[in-house]
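Here's the structure, in structure tokens; my notes come after.
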Amino acid sequence: MNEREEIPVTHFDLQDLPESERFPVWKESIAVLFDVTLETQDAEQRFSSQLTTCHLGDFLLSNSVSRRQCFRRSRKLAAQDGLDHLLVQIYRQGNNVGVCGKTRLDARPGDVFVLDLGQTLETRTDDYDNLTLVIPRAILTQHLKAPERLHGQKLARESTLGQLLREHIETLWNRIGQVTAQESNAIANGLTGLVAAYFGGLELPVDCPDVQAATLETIRQYIAQHLAFPQLRPQFLASRFGLSRASLYRLFEPLGGPASYIRQERLQRSLELLVQASPHSIAAIAASVGFYDEAHFHRLFRATFGMTPGEIRRNALLARPGLLNEQIPAIDRRYESWLRTLGLTHGTKP
């Protein structure tokens, strides 16, 4: 009989740090997702934050407990980090209000809502306790057409669908200690199907009509298949798909523009190859995704991921099974690299 393999879990906790250091450490760490600020200076002295994250193969499920703060995700941040995930959130305590793209968000405890990391947001929370399911866009797109339209949308806590989805997510979290690594991806895939089914019934805004969404997806697939092509630039894509330059840029506006999207896709693919411990040299990996100037590739890679390609490769080797139980630093920040590499290698463990 195979030995039970537990899912990887990180525990980020600031309680052992001096009060003056807690918020700066949190701000630096959560910058992988958001730019955060506090409403008053003295709030730093009372700040605390705990974040537990479970790696479910192609998905992450986390619980965060923290003090009131403001969350912001700008177009610049979305373009820089290239994270292409959607967050399904439930606030078990505290409200979250603000603007997601063009949609007003007023989330109360018990509401289930979606945030698209490819788009802007600016929200403010009370002291909160929340659950977050992180789903790569490529996986949700298999279940739901144009998931970008869900940004800022919610299932109210009074609605049957909202209650059912909240119960599914909370039940998974409450039983997470009993879930094996072998079971985790199947469970998360089933939950993704429920997210798509329940949110698919909403009347969504028509900012991205079906034809435009289909065209965008076709171009994205073409980009993914031709990253090594040196001529893969906005003007080439406009000509290839019979679009004007303005139309192409409107299509890619939620993703930071076509040039930024191509660059981030190339960087993400290079990251995937490095994490998979490809036998090829870093220069060969860079060229295989369309970066033919190695020095330029290194600069972009470090600016995007905060580490050099060589450091990523070494960290990936250290994270192989059998080494995960080594001594973990007092502040466990592995969730940051999990977010950056999520969905790059379907079904694999960190």
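The values are calculated or read from the model by the stated rules, or taken from the named source; none is laboratory data. Quantities reported herein were computed from a predicted structural model and do not represent experimental measurements. Virtual Cβ from ideal backbone geometry, glycine too; neighbours counted across all protein chains shown.
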* In segment 25-42, what residues are free of Cβ contacts under 8 Å to residues at least 12 places away in the same chain and over 25 Å from Gly118 (Cα atoms)? -> Thr40, Gln41, Asp42
* To do: Just name the residue that is surrounded by the fewest Cβ atoms within 10 Å (Cβ to Cβ) out of those in segment 84-104 that are under 30 Å from Ala303 (Cβ atoms) and touching a Lys or Arg at 6+ places or on another chain (Cβ under 7 Å).
  => Gly98
* To do: Please verify whether segment 66-76 includes one or more residues that are out of contact with any Leu (no Cβ under 9 Å at 6 or more places or on another chain), closer than 18 Å to Leu14 by Cα, touching a residue at least 24 places away in the same chain (Cβ under 8 Å) and assigned to a loop (DSSP other than H, G, I, E, B).
  => no
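Quick grid of which residues meet (1) more than 17 Å from Leu273 (Cβ to Cβ); (2) buried (at least 18 other Cβ atoms within 10 Å of the Cβ); (3) hydrophobic (A, V, I, L, M, F, W, C); (4) modelled with pLDDT of 50 or more:
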| residue | (1), (2), (3), (4) |
| --- | --- |
| Asn315 | no, no, no, yes |
| Arg334 | yes, yes, no, yes |
| Arg340 | no, yes, no, yes |
| Lys349 | yes, no, no, no |
* Structure fact -> Being modelled with pLDDT of 95 or more, surrounded by fewer than 18 Cβ atoms within 10 Å (Cβ to Cβ), in contact with a strand residue (DSSP E or B) (Cβ under 8 Å, 6 or more places away or on another chain) and of a type in the set (Val, Ile, Thr) narrows Val65, Val134, Val112 down to just Val65
* Selection count where residues are over 25 Å from Gln80 (Cβ atoms), loosely packed, with under 14 Cβ neighbours inside 10 Å and of a type outside the set (S, T, N, Q), scope segment 22-45 -> 2
* Pick from segment 48-58, criterion outside any strand (DSSP E or B) and surrounded by 23 or more Cβ atoms within 10 Å (Cβ to Cβ), ranking: modelled with the highest pLDDT -> Leu56
* Report yes if some residue within segment 68-75 is crowded, with 19+ Cβ neighbours inside 10 Å and within 13 Å of Leu33 (Cβ to Cβ); otherwise report no. => yes
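Listed residues Leu131, Leu144, Leu105; which is part of a strand (DSSP E or B) and touching a Gly at 6+ places or on another chain (Cβ under 7 Å)?
Details: Leu131 fails: touching a Gly at 6+ places or on another chain (Cβ under 7 Å); Leu144 fails: part of a strand (DSSP E or B).
Selected residue: Leu105, the only one of Leu131, Leu144, Leu105 that is part of a strand (DSSP E or B) and touching a Gly at 6+ places or on another chain (Cβ under 7 Å).
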* With respect to Leu204, is the statement that it is under 19 Å from Ala156 (Cβ atoms), out of contact with any strand residue (DSSP E or B) (no Cβ under 9 Å at 6 or more places or on another chain), at pLDDT below 80 and of a type in the set (A, V, I, L, M) true? -> yes
* **Tally of residues being of a type in the set (Ser, Thr, Tyr) and at pLDDT 85 or above across segment 181-198** => 2
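Look at segment 31-47 and say how many of its residues are in a helix (DSSP H, G or I) and of a type in the set (Asp, Glu).
First, pick out the residues of segment 31-47 that are in a helix (DSSP H, G or I): 41-46.
If we keep only those that are of a type in the set (Asp, Glu) too, we end up with 42, 44.
Here the count works out to 2.
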* Asked: Could you give every pair whose Cβ atoms fall below 7 Å, whose first residue belongs to segment 232-256 and is of a type in the set (Asp, Glu), and whose second residue is surrounded by 15 or more Cβ atoms within 10 Å (Cβ to Cβ), counting only separations of at least 6 or pairs across chains?
  -> none
